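The values are calculated or read from the model by the stated rules, or taken from the named source; none is laboratory data. In this text the structure is predicted, and so the values were computed from the model without any measurement. Positions of Cβ are backbone-derived with ideal geometry, glycine not excepted, and every protein chain shown enters the neighbour counts. Accessible surface areas use protein heavy atoms only, side chains included; no ligands, DNA or RNA. Shrake-Rupley method; radii C 1.70, N 1.55, O 1.52, S 1.80 Å.
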Amino acid sequence: MSRLEELIQEYCPNGVDFKPIKEVYHRLKGTPITAAKMKEIESVDGGVRIFAGGKTVIDAHEEDIPKANITQVPAVLVQSRGVIDVVYYEKPFTFKNEMWAYTHKNKTAVKFLYYVLKNNIEKFREAASGMGSLPQISLKVTEGFEMPIPPIEVQSEIVRILDNFTELTAELTAELTAELTAREKQYGYYRDKLLNVDGTECALEDVCMIVDCPHTSPKWKESGVPIIRNFNLVNGQIDTANLSYVDEEEYLSRIKRIVPMEDDILFSREAPIGNVGIIPKDFRCCQGQRVVLLRPNKDIIIPKFLIYILQGGFVREQIYRVEKIGTTVSNFNIADLKKLRFIVPTIETQECIIAKLDVFSHLCVNIFDGLPIEISARQRQYEYYRNRLLSFSKRQVAL
């Protein structure tokens, strides 16, 4: 029998009480600070943290925070708008008063509340009102939420276990992420090394036809002909996992300039700029907004080789320079796209490079796909374990 099982058997063998959060925890109010005022405050290391919703946080001098209501004790912050989430924080902090926080005289009880709320975060998100990027939950969603209240000895053991498991999961995720980053750098180095060969320097407009997309918003449908958008262009391929669609009439309207066909390359000129994907055989589609079609002249350049060129460091550096000197991040101009320059070797050399990069790319894809899956699996394992630890039977009141 585990230590937790022993404690449950000793302190609550017949279940535990469930109570609304507002009956057990003290609610804290934030600071009435505007987004405009947040921009005026200078961020400093080691200052009072200000949470402003989602991932927006700054650390500031307390005297720079107007009407500051500083929380000096460990508390659980409820981020109630936008990215709905909960945060456990022990150092002095405050938050925009559209949010709220909870504390308790016992630090363990605060951390226990955090794990309970985190375990139920999807329920809170489902209770949110509003559409788009700013859904919002009301105060009553958490105030009236009934949670298990086991004896503090049991809470303490659960917190200890979950703290350890959280740390181990974070360490493993960091290691896997570092491995993924290292492999991506290794692949990029090898690709650029192979592409650094003798040949003719060309501009993109010298080796392919370049056709911009229609400058109109599509009429979206639940099904029909796929319309390829910037996020569908992934690692040189078209990702079909999250397609959008138009009907036949809209499709015919969007292909008046050119009909996309096998071996055409689609290039995103909207953030993320430079994503590319090659159209496979028998795949009927049309261009989304800010997606440019490139039709390589196969007498000069093999489409697969151009894909590797466009993903290479030399071209990426040119895109970065254009962005830096004035082009907005959200729109890479056709004129700049046409001027992208690179070396084009003979067709025979291109075939040799493609053969080598295909092998290495296949090995890397297995890693690129496998590591995120492993990270996701570890997170699901953690969430499953956390849910099991926080599942209690409700104590029955004797009649």
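Per residue, how large is the accessible surface of region 82-200? Use a 1.4 angstrom probe and give square angstrom.
Using a 1.4 Å probe on heavy atoms only, each residue of region 82-200 averages 52 Å².
Quick one: which residues, 5+ away or cross-chain, put their amide H under 5 Å from the amide H of residue 19? H built at 1.01 Å from N.
Sorted by chain and number, the residues that satisfy this are 147, 149.
To the nearest 20 Debye, how big is the dipole of the chain about its Cα centre, given +1 on the beta carbon of each Lys and Arg and -1 on that of each Asp and Glu?
My answer is approximately 980 debye.
Between residue 143 and residue 11, what is the spin-label point distance in nm, taking each point 7 Å from the Cα along the Cα→C-beta axis?
With each label point 7 Å from Cα toward Cβ, the separation is 2.9 nm.
Multiplying the sequence separation of residue 221 and residue 373 by 0.36 nm and subtracting their Cα-Cα distance, what value in nm do you get?
So the chain would gain 51.6 nm between residue 221 and residue 373.
For region 165-208, report the convex hull volume of the alpha-carbon atoms normalised per residue, in Å³, without decimals.
Spread over its residues, the Cα hull of region 165-208 gives 86 Å³ apiece.
Using only protein heavy atoms and a 1.4 Å probe, report how much of residue 380 is accessible, in Å² to the nearest 10.
Probe radius 1.4 Å; accessible area of residue 380 about 140 Å².
On C-alpha positions alone, give me the angle between the axis of helix 107-119 and the longest principal axis of the chain, in degrees, nearest 10.
Tilt of helix 107-119: around 40 degrees.
Of all the accessible heavy-atom surface of region 95-150, with the other protein chains kept in place and a 1.4 Å probe, what percent is carbon and sulfur?
C and S atoms contribute 50 percent here.
Please go through the residue pairs 39/185; 256/356; 91/123; 298/339 and name each one whose alpha carbons sit more than 31 Å apart in this structure.
Those over the limit are 39/185; 256/356.
Starting from the Cα of residue 282, step 7 Å along the direction of its Cβ; do the same at residue 106; then give the gap between the two resulting points in nm.
Label at residue 282, label at residue 106, 6.6 nm between them.
In degrees, nearest 10, range 0 to 90: what is the angle between the Cα axis of helix 152-195 and the longest Cα principal axis of the chain?
Tilt of helix 152-195: around 10 degrees.
Under the √(5λ) rule applied to the eigenvalues of the Cα gyration tensor, what semi-axes describe the equivalent ellipsoid of region 1-101? Give them in Å, descending.
35, 14, 12
Say R0 is 45 Å: what FRET efficiency, to the nearest 0.05, do residue 239 and residue 35 get from their beta-carbon distance?
After rounding, the FRET efficiency stands at 0.85.
Name all residues of region 301-315 having a backbone nitrogen under 20 Å from the label point set 7 Å from the Cα of residue 352 along its Cα→Cβ direction, giving them as ranges.
Counting backbone N atoms under 20 Å from the label point, the list is 301-309.
Can you give the Kirkwood hydrodynamic radius of region 185-328 from its Cα pairs, in Å with one decimal?
16.0
Would you mind checking region 179-221 for residues with the amide N under 13 Å from a putative spin-label position 7 Å along Cα→C-beta of residue 343?
Flagged as within label range: 192-202.
As an exercise, identify the trypsin sites (Lys or Arg not before Pro) in region 167-228 lying in DSSP coil whose Cβ has no more than 16 other Cβ atoms within 10 Å.
The qualifying sites are 219.
Semi-axes of the equivalent ellipsoid of the chain: what are they in whole Å, largest first, if each equals the square root of 5 times a C-alpha gyration tensor eigenvalue?
Equivalent ellipsoid semi-axes, largest first: 52, 25, 22 Å.
I'd like to check one number: the per residue accessible area of region 221-287, probe 1.4 Å, reported in Å² as a whole number.
49
May I ask you to compute the full-extension gain from residue 201 to residue 189, defined as 0.36 nm times their residue separation minus their alpha-carbon distance, rounded to one decimal in nm?
Residue separation times 0.36 nm, minus the Cα-Cα distance, leaves 2.2 nm.
Sticking with the crude label model, points 7 Å out along Cα→Cβ, report the distance from residue 160 to residue 359 in nm, one decimal please.
It is 5.5 nm.
When every alpha-carbon pair in region 125-244 is counted, what percent end up more than 21 Å apart?
That tail contains 76 percent of the Cα-Cα pairs.
Can you give me the solvent accessible area of residue 173 with a 1.4 Å probe, rounded to the nearest 10 Å²?
For residue 173, solvent-accessible area is about 40 Å².
Provide the solvent-accessible area of residue 259, counting protein heavy atoms only and rolling a 1.4 Å probe, rounded to the nearest 10 Å².
70
Divide the volume of the convex hull of the Cα atoms of region 246-317 by its number of residues and quote the answer in cubic angstrom per residue.
94
Beyond 22 Å, how much of the Cα-Cα pair distribution for region 57-127 remains, as a whole percent?
Beyond 22 Å sits 24 percent of the P(r) for region 57-127.
R0 = 30 Å: FRET efficiency of residue 174 with residue 333, Cβ-based, nearest 0.05?
About 0.20, to the nearest 0.05.
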